[in-house]
Amino acid sequence: MSKFVALAGGVGGAKLALGLTEILSPDQLSIVVNTADDQEFYGLHVSPDLDTMMYTLSGKSNEKLGWGIKDESFRTLNELQKLGLDSWFQLGDLDFATHIYRTNLIKQNMSLSEISDKLCKAHGLEFPIIPMTDDRVRTILTTDRGDLNFQEYFVKYFCEPKVTSIRFDGIQNAKPSPNFLNALEEADYLLYCPSNPFLSLHPIIFLPGVLDLLKSFEGKRIAVSSIVNGDAIKGPTAKLLDELNQEISAFGIAKHFEEICDYFVLDDIDSHLIPNINSLGMKTFQTNIIMNSLVEKTNLAKFLLNLCN
Ligand code: FO1
């Protein structure tokens, strides 16, 4: 029985993970998720990528919004706004329960990993959703409007500020979570989900010791492009490639995986880039990587698993 570990951010990662869960059993797949987007709102610890993954895999995600729980209401947020508090980060009434639960357990010194296990069980999920670290790491973007944390950049300012650099505060002292290290050790195959490399995968890859583990990983390592036809599937990936002077293409994405990837998968429309990407030392494959329906998610998952045979 082959084992897989998938590294993921929010929406793109969750889409592929959902496809993978249609094919693999819970003891075959571990999903390691970025936590550098986490932020406190109203004293509550919010872990957007962990929650997006959990809600997606348990069939509760709000596909219209792209985050949170379906059929959500925002009455609590409206009341908080009336009390004069900031309300630019749209936390729904049902979603609040997750943040209250997580924050209470953090206060009782429980780790993010233990809390993620409990939350997943409570949502009826058997697949392990593993925080990349139990320590505090925060993405900070240096922009023409000053230093912004991830949610300010992404939600409050709609990714509009021009970014000159990105750092991950706290990463030097953070340890990869024990479940992440175990999953990596036990896995036969490593999958990089089509998540934003700068904002979702770098925080995982640059945790102390992880890059070396990815370089020396003995099984096949497979990455999926998060750019199709010169544009991001979702979010600011193309804009960041441009502002950070990198090629806005699947090739620009593939460069992020040099030395840590064996197979790179891009969309059929980008097949002309295959020779260039092969020259980075990866074998490149093409298929449809846009995942709008469950069938497309499952088809991409099947395509990746076929590469592993
Ligand atoms: N994204 C938005 O664009 N606007 C929001 O108001 C917003 C609220 C929100 C609340 C809870 C949550 O778990 C996610 C939320 N997101 C929102 C998405 C979040 O900013 C991103 O999904 C990730 O951090 C990037 O992967």
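The values are calculated or read from the model by the stated rules, or taken from the named source; none is laboratory data. These numbers come from a predicted model, not from an experiment. Glycine gets a Cβ as well: all are built from the backbone with ideal geometry, and neighbour counts include every protein chain shown.
A compact table of results
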| quantity | calculated |
| --- | --- |
| Residue 140, sole failed condition from (1) touching a Ser or Thr at 6+ places or on another chain (Cβ under 8 Å); (2) more than 21 Å from residue 101 (Cα to Cα); (3) of a type outside the set (Gly, Ala, Ser) | (1) |
| Residue 204 touching a Phe, Trp or Tyr at 6+ places or on another chain (Cβ under 6 Å), β-branched (Val, Ile, Thr), within 25 Å of residue 176 (Cβ to Cβ) and not in a loop (DSSP other than H, G, I, E, B) | no |
| In the range 71-80, residue nearest to residue 293 (Cα to Cα) [restricted to those that are outside any helix (DSSP H, G or I) and within 13 Å of the ligand (Cβ to nearest atom)] | 72 |
| Condition met for residue 194 (farther than 22 Å from residue 296 by Cα and within 16 Å of the ligand (Cβ to nearest atom)) | no |
| Residue selected from the range 25-47 under the condition of a type in the set (A, V, I, L, M, F, W, C) and under 19 Å from the mean Cα position of the chain (by Cα), by the criterion nearest to the ligand (Cβ to nearest atom) | 46 |
| Answer residue from the range 48-60, given it is among the hydroxyl-bearing types (Ser, Thr, Tyr) and more than 10 Å from the ligand (Cβ to nearest atom) and is nearest to the chain's Cα centre (by Cα) among those | 56 |
| Any hit, the range 214-223, residues being without any contact (Cβ under 8 Å) to a residue 60 or more places away in the chain, part of a strand (DSSP E or B) and surrounded by 15 or more Cβ atoms within 10 Å (Cβ to Cβ) | yes |
| Residue pairs meeting the criteria (Cβ under 7 Å; at least 6 apart or on separate chains; first more than 8 Å from the ligand (Cβ to nearest atom) and at pLDDT 95 or above, in the range 81-104; second assigned to a helix (DSSP H, G or I) and of a type in the set (Ser, Thr, Tyr)) | 93/76; 96/76 |
| Cβ-Cβ under 7 Å pairs, at least 6 apart or on other chains, the range 229-241 side touching a residue at least 40 places away in the same chain (Cβ under 8 Å), far side aliphatic (A, V, I, L, M) and part of a strand (DSSP E or B) | 237/227; 240/163 |
| Close pairs from the range 158-177: first of a type in the set (Val, Ile, Thr) and crowded, with 18+ Cβ neighbours inside 10 Å, partner at pLDDT 95 or above and assigned to a strand (DSSP E or B), Cβ under 8 Å, at least 6 apart | 163/141; 163/142; 163/143; 166/139; 166/140; 166/141; 166/142 |
| Test result for residue 51, assigned to a loop (DSSP other than H, G, I, E, B), of a type in the set (Asp, Glu) and at pLDDT 95 or above | no |
| Scope the range 252-295; condition surrounded by 15 or more Cβ atoms within 10 Å (Cβ to Cβ), without any contact (Cβ under 8 Å) to a residue 24 or more places away in the chain and in a helix (DSSP H, G or I); matching residues | 274 |
| Residues satisfying the stated conditions in the range 105-129, i.e. assigned to a helix (DSSP H, G or I) and either within 13 Å of the ligand (Cβ to nearest atom) or surrounded by 12 or more Cβ atoms within 10 Å (Cβ to Cβ) (or both) | 105, 106, 112, 113, 114, 115, 116, 117, 118, 119, 120, 122 |
| Any hit, the range 11-22, residues being crowded, with 23+ Cβ neighbours inside 10 Å and either touching an Asp or Glu at 6+ places or on another chain (Cβ under 6 Å) or in a strand (DSSP E or B) (or both) | no |
